[in-house]
1. Find the percent of Cα-Cα distances in region 426-571 that exceed 28 Å, and round it to a whole number.
2. What percent does the relative contact order of region 571-645 come to when contacts are Cα pairs within less than 8 Å and at least six residues apart?
3. If you count only protein heavy atoms and use a 1.4 Å probe, how large is the accessible surface of Leu652, to the nearest 10 Å²?
4. Have a look at the DSSP beta bridges in region 475-601 and tell me what percent are antiparallel, nearest 5.
5. How would Asp565, Asp490, Asp314 rank on accessible area, largest to smallest, probe 1.4 Å?
6. How much length is gained if the chain between Ala566 and Glu271 is pulled fully straight, taking 0.36 nm per residue apart and subtracting their Cα-Cα distance, in nm to one decimal?
7. What nm distance separates the two modelled labels at Leu245 and Gln623, each placed 7 Å from Cα along Cα→Cβ?
8. How big is the shadow of the Cα convex hull of region 175-225, averaged over all directions, in nm²?
Amino acid sequence: MSNNVKIACILLLFYLNFLSATPVISSGSNTQRRRTRTTVPWKQPEDNWNITDIPRSILPHLPSKSTIHTLPAPANIVYKTLDNDEKVLERLHEIKNNETARTLWSKAESDHHYSPFFDKALKLMNLKQVAFEIENSVMSKMSCTACKAGATLLQHYIKSGKSKEEIIKTIFQYCTNLQIQSSRVCEGVSSLFGNEVIYVLKRTNLGADEICSFIIGDACGDIYNPYHEWEIELPAITKPTPHELPIPKENAPSFKVLHLSDTHYDPYYAEGSNADCSEPLCCRITNGRPRHVNAAAGKWGDYRKCDMPKRTLDHMYKHIAEVHPDIDYILWTGDLPPHDIWNQTKEENLKVLKETVKQMAEVFPGIPIFPALGNHESAPVNSFPPPYVQQVDSSINWLYDALAEEWQKWLPPSVSYTIKRGAFYSVLVRPGFRIISINMNYCNNKNWWLLLNSTDPATQLQWIIYELQSAEFSNEKVHIIGHIPPGHPDCLKIWSRNYYKIIQRYESTVTAQFFGHTHFDEFEVFYDTEDISRPTNIAYIGPSVTPYYDLNPGYRIYYIDGDHDATTRLVVDHETWIMNLKEANLYDFPIYYKLYSARNAYNLKALRPTDWDEYTASLTDDQDKFDQYFKHYWKASPVRPSCDADCRKRILCDAKSGRSHDRKFFCAEVEAKLDSSNGSWRSWIYRGISFSFNALYSVTAKIPGYVMSFG
């Protein structure tokens with residue numbers, strides 16, 4: 001999940017400019033600004049990496065299995081089970097029916113006392129709203145304005161000759177003076193991120209408008225940026241004609257797969273510490289004593305901004321090993337360190353990596369694990385320079401070399417080369433079935449290194465094409481795993497657009513995708529851009545292990561069509577399991593239970609892209625269905641917020657948007673239907689726009705050489 005790590009570089013500088021009235025460079029065209037700005041001469045070194053020279057995984061990694069797992073009951077079977085855990089919970093409810101969990105609280109407003117001037121500035125800019133938007137990756141014009149002000153002022157300081165130390169010191173002073181964060185958070189953020197941001201801005205020719213459009217996306221305008229417009233090359237091989245996917249055979253062999261994501265293990269979590277602090281991460285001794293009993297961190301975790309205690313992680317893994325002893329393999333989609341982003345070091349993050357890998361290997365011995373890299377594994381967070389950055393103090397080799405060493409416990413030796421280059425790899429799991437793990441940090445718009453050159457970093461997308469084309473030749477089906485979903489606002493628009501193009505080309509080869517990052521339980525449907533009514537693929541976004549924040553801890557179980565003559569390698573069904581954190585802290589007894597299974601809860605014939613598309617459409621018409629999905633989306637959290645009409649639009653649009661910053665293309669119909677059902681005066685406008693847009697697209701798409709441009 002995103003965090004407010006760039007406040008020092010964006011918001012603070014807006015106030016610095018507001019307070020000091022420092023003269024900034026004059027406005028004008030982007031071309032004029034580039035001509036007058038002084039930058040450090042920089043040229044990307046040549047990269048002689050040859051995709052075809054690297055070894056490939058061509059021997060099956062898993063032994064032959066013909067296990068027929070017991071799948072969840074399909075939707076046409078009505079059933080109710082009451083296992084031992086539920087019986088225990090019922091008895092506890094009878095005993096303590098009127099008690100309140102220690103970790104439930106009223107969300108009181110902050111009691112900070114600011115100066116009259118700062119209160120005025122806060123009202124003008126609504127800093128809390130901007131911080132919320134940055135933290136949750138839901139950007140608006142307000143975030144855009146703050147970004148442009150900060151970037152402009154930073155570039156002015158660089159041009160005027162201020163040293164790196166002076167700029168970082170200034171950022172720190174205003175961060176503390178304006179009480180945006182505690183002194184230690186201000187110091188950590190300014191020093192950790194200041195070095196990288198200043199280094200990059202010294203070497204880029206982009207203006208503030210271009211930088212903020214790059215970072216924030218469509219909320220900051222679709223500004224043409226020649227430095228970041230590129231397109232991958234697909235091989236000149238005819239795409240196989242797509243055929244309607246069959247429903248997987250019932251009672252056929254299957255793989256049972258565990259999906260863990262966003263564990264965010266916090267080795268310094270302290271029961272009884274302050275869980276209601278003002279910093280990005282709480283529930284540590286350093287957060288001080290709680291002001292009242294409801295502010296104390298619970299024994300098993302907390303719904304507020306707190307990560308996973310070791311005892312809870314140990315308990316969850318033990319539960320999984322006991323309840324699901326028949327797991328065939330595990331998908332582990334990243335984000336291991338906690339959210340103390342101002343306080344992290346390479347050494348500390350490597351320690352968390354090694355501890356969690358050791359724990360997984362001990363709890364799940366002999367079970368293959370396929371990991372993917374999260375955005376929190378680096379220090380500082382989100383910092384993933386491409387391979388051409390080889391300076392000792394900036395190179396990412398320290399992390400990639402460690403990953404190659406730690407992941408070798410589960411992966412074949414042939415993948416070490418690509419892991420050391422870019423933390424991606426490809427493994428043949430079984431004959432005709434392959435898993436490709438990709439590094440989504442090269443689409444991360446908070447990765448400032450990409451401002452220097454975002455063109456297919458580490459040549460990863462071209463490598464994916466090579467792997468998928470080889471798989472197509474070999475008649476293999478492929479699952480893709482990663483961390484940041486390609487349709488999420490944190491994914492760069494141009495990268496996401498190219499990735500979407502790849503998935504569309506190889507829709508007959510890629511049968512499922514698996515991501516994390518959002519901490520929610522959700523999905524993204526992919527569509528044919530030449531016929532948007534035709535769904536082509538599905539990306540599953542697994543729930544987080546950490547409760548950070550307002551969530552119950554959870555994990556996902558998939559049933560994958562296994563080894564048999566008619567296998568589709570589709571996901572046959574999936575189920576989400578959670579621990580009720582409120583009950584765990586109240587009764588000191590963590591209880592895990594299956595929240596739902598997809599086919600049964602959502603009445604799906606199968607889990608094909610067409611089935612998910614039909615289900616998404618039904619959510620626009622049926623409020624009860626949407627309420628059920630919203631409950632699962634939040635993992636049945638007792639502190640989940642309510643969802644108004646705008647919230648419903650956003651969630652349904654997320655489900656239809658596998659391509660980031662392109663909502664007006666994918667969501668016009670959804671918004672029109674929701675506005676119509678709400679009786680809005682806008683409904684007839686939206687219906688007209690939607691009809692006109694789709695009609696125009698259906699005509700222009702058939703004109704040779706004509707390409708519509710989407711933001």
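The values are calculated or read from the model by the stated rules, or taken from the named source; none is laboratory data. Please read these numbers as outputs of a predicted model, since none were measured by experiment. No Cβ is skipped: glycine too gets one built from the backbone with ideal geometry, and neighbour counts run over all protein chains shown. Ligands, DNA and RNA are excluded from the accessible area calculation, which covers all protein heavy atoms including side chains. Shrake-Rupley method; radii C 1.70, N 1.55, O 1.52, S 1.80 Å.
1. Across region 426-571, Cα pairs with separations above 28 Å total 21 percent.
2. Answer for region 571-645 is 26 percent.
3. For Leu652, solvent-accessible area is about 0 Å².
4. 75 percent
5. Asp565, Asp314, Asp490
6. That pair, Ala566 and Glu271, stretches by 101.0 nm at full extension.
7. According to this spin-label approximation, the distance is 3.3 nm.
8. Its average projected convex-hull area is 4.5 nm².
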